[in-house]
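Notes to accompany the following structure.
Where a number appears in this text, it was derived from the coordinates with a stated rule and is not lab data. Being a predicted model, the structure only gives us computed values, none of them experimental. No Cβ is skipped: glycine too gets one built from the backbone with ideal geometry, and neighbour counts run over all protein chains shown.
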C-alpha cells in the first residue's frame with residue numbers, strides 16, 4: 001500500500017516539476033524556479049525513499065542478519081543533506097535577485113504556483129499518516145511539505161506583486177522558503193546521523209532502562225548494556241542480567257518479564273540477554289548501582 005502511494009506521488013511530483021520549470025523560465029520568477037528545483041529534489045527524494053521501503057521488505061540473509069532496515073536511515077540522510085544543499089542554492093539566488101530585481105509575469109506565475117500547491121496537497125494527503133515512526137518517509141514528506149510552503153509563498157508573492165508592483169518580494173519569500181527547508185533538513189539529518197552512530201534511541205536513557213529492569217523481583221542488577229536503533233522504529237538491546245540468587249522463577253519466565261517491560265515501556269523489540277547468577281560486586285559496569293550513586 002505505501003509503495004503504491006509513493007508511486008503515484010512520484011508521478012505527480014515529476015509532472016509538477018516540469019510545469020513549474022517551464023513556468024518559472026517563462027514568467028521570470030525566481031521563487032517559482034526555486035520551487036521547481038525543490039520539486040526535482042522531491043522527485044529524487046521520493047525515488048530514494050521508495051527504493052529504501054522496497055529494500056526494508058526484503059528478508060534477512062546470512063550476510064545481512066538484520067536485513068535492510070538501515071536503508072531507511074541512509075535514505076533519510078541523503079534526503080536531509082540534499083535539502084541543505086538546496087537551501088544554500090536558494091539563499092544565493094535570492095540574494096542575487098534581491099540586488100537586481102527582474103520583471104515577472106505575475107499572472108502566469110500565479111497560475112502555475114496554484115497548480116503546484118494543489119498537487120502538493122494531494123501528495124501530502126496520499127502520504128498522510130505514514131511518516132510517524134519512519135524517518136525515511138518523514139524525510140520524503142518533509143520535501144513535499146517544504147514544496148507546499150514554497151507554493152504558498154509563490155502564490156502570496158504573485159498577489160503582492162500584482163497589487164503593489166514591488167518585485168523584491170519574490171526574492172524575500174525565496175529566503176523564507178530556504179529557511180523553512182533548512183530547518184527541517186537539519187533535524188532529519190541530525191536524527192539520521194544519531195542512528196547511524198548507533199547512539200541510544202532518543203527519549204531512552206540506559207540508566208532509566210536498567211532501573212525499570214531492576215525493579216523486577218528476579219533482577220538484582222544489569223551491566224554491559226547496549227541500546228541502539230537499526231532504523232527509526234526498530235530498537236535493539238543487549239545486556240547481562242544479574243539474577244537474585246533467591247529467585248525460583250525459570251529463565252524463560254524471567255526473560256518474558258524483562259521483554260514485556262522493554263517492549264511496553266521503551267518500544268525495544270529485539271533483545272539479546274545473558275542471565276547470570278553472580279554477586280553484584282563481581283560484575284563490571286553495574287548500571288543500577290550507577291543510578292543510585
Query - Inter-probe distance in nm under a simple model that places probes 7 Å from Cα toward Cβ, at residue 215 and residue 4 - result: 4.4
Query raised in the report: Which label belongs to the value computed from this structure, given these candidates for Cα extents along the principal axes in Å: [x] 50, 46, 41; [y] 83, 40, 28; [z] 61, 41, 41?
Result: [y]
Query raised in the report: Rounded to the nearest 0.05, what FRET efficiency do residue 44 and residue 118 have when you use their Cβ-Cβ distance and R0 = 25 Å?
Result: 0.70
Query raised in the report: For the residue pair residue 166 and residue 272, what label-to-label distance in nm results when each label sits 7 Å from Cα along the Cα-to-beta-carbon direction?
Result: 6.3
Query - Extended-chain gain in nm, criterion 0.36 nm per residue less alpha-carbon gap, residue 203 and residue 251 - result: 14.4 nm
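Could you work out the helix-only [θ] at 222 nm for the chain, with each DSSP H run of four or more residues adding -39,500 (n - 2.57) and the total divided by the number of residues, to the nearest 500 deg cm²/dmol?
Working: 9 runs with 194 residues, N = 293.
Calculated mean residue ellipticity at 222 nm is -23000 deg cm²/dmol.
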Query raised in the report: By how many degrees, 0 to 90 and rounded to 10, does the Cα axis of helix 169-196 deviate from the longest principal axis of the chain?
Result: 20
Query raised in the report: Any idea what the relative contact order of the range 114-211 is, in percent, if you count C-alpha pairs under 8 Å spaced at least 6 apart?
Result: 25
Requested in this report: Mind pulling the angle between the C-alpha long axis of helix 106-127 and the longest principal axis of the chain? Nearest 10 degrees, somewhere in 0 to 90.
Outcome: 20
**Report entry** Fewest-first ranking of 68, 8, using other Cβ atoms within 10 Å as the exposure measure
**Finding:** 8, 68
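Full-extension gain between residue 100 and residue 259, please, as 0.36 nm times their residue separation minus the C-alpha to C-alpha distance.
Stretched out fully, the residue 100 to residue 259 stretch lengthens by 50.9 nm.
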Report summary line: Helix 70-99: inclination vs the chain longest Cα principal axis, degrees, rounded to 10, gives 30
Query - Neighbour-count order for 147, 224, fewest beta carbons within 10 angstrom listed first - result: 224, 147
